[in-house]
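The values are calculated or read from the model by the stated rules, or taken from the named source; none is laboratory data. The shown structure was predicted, so the numbers you read here are calculated from the model rather than taken from an experiment. Every residue, glycine as well, gets a Cβ built from its backbone with ideal geometry; the counts of neighbours run over all protein chains shown.
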Amino acid sequence: MKSTGEILVIGGGVISLAIALELKRQGASVTIVTRDFTEAATHAAAGMLAPQAEQILPSPMLDLCLRSRDLYPDWTQKLEELTGLN
């Protein structure tokens with residue numbers, strides 16, 4: 001592997017793939033390494049975005065989870081535009 005700015009993303013879950021996609025959209029050369037998609041947390045959690053259900057106490061972590069949930073609709077719209085899939 002050349003050391004010319006290539007980025008290695010480890011993991012095939014939704015977060016790793018979202019990071020890889022955003023890096024690629026910004027022009028980076030990205031390689032994804034994953035053992036088995038069926039072992040990723042995304043597969044087990046079915047993509048659940050429910051920070052209150054996790055009973056996270058008021059904290060910066062809860063703020064981050066709520067903000068992430070609020071960004072989700074825009075992100076899925078971007079994916080639909082990129083892929084043509086709904």
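Details
- Inter-residue pairs, beta-carbon under 7 Å, first within 17 Å of Ala50 (Cα to Cα) and in region 65-86, second assigned to a helix (DSSP H, G or I), 6+ apart: Cys65/Pro51; Leu66/Pro51; Arg69/Pro51
- Leu49 modelled with pLDDT of 70 or more and either part of a loop (DSSP other than H, G, I, E, B) or farther than 17 Å from Leu79 by Cα (or both): yes
Residue-by-condition table, conditions (1) at pLDDT 85 or above; (2) polar (S, T, N, Q):
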| residue | (1), (2) |
| --- | --- |
| Lys24 | yes, no |
| Ile32 | yes, no |
| Glu54 | no, no |
| Ser59 | yes, yes |
| Leu64 | yes, no |
| Arg67 | yes, no |
| Lys78 | yes, no |
| Thr83 | yes, yes |
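- Count of region 55-79 residues, restricted to those that are surrounded by 11 or more Cβ atoms within 10 Å (Cβ to Cβ) and of a type in the set (Asp, Glu), is 1.
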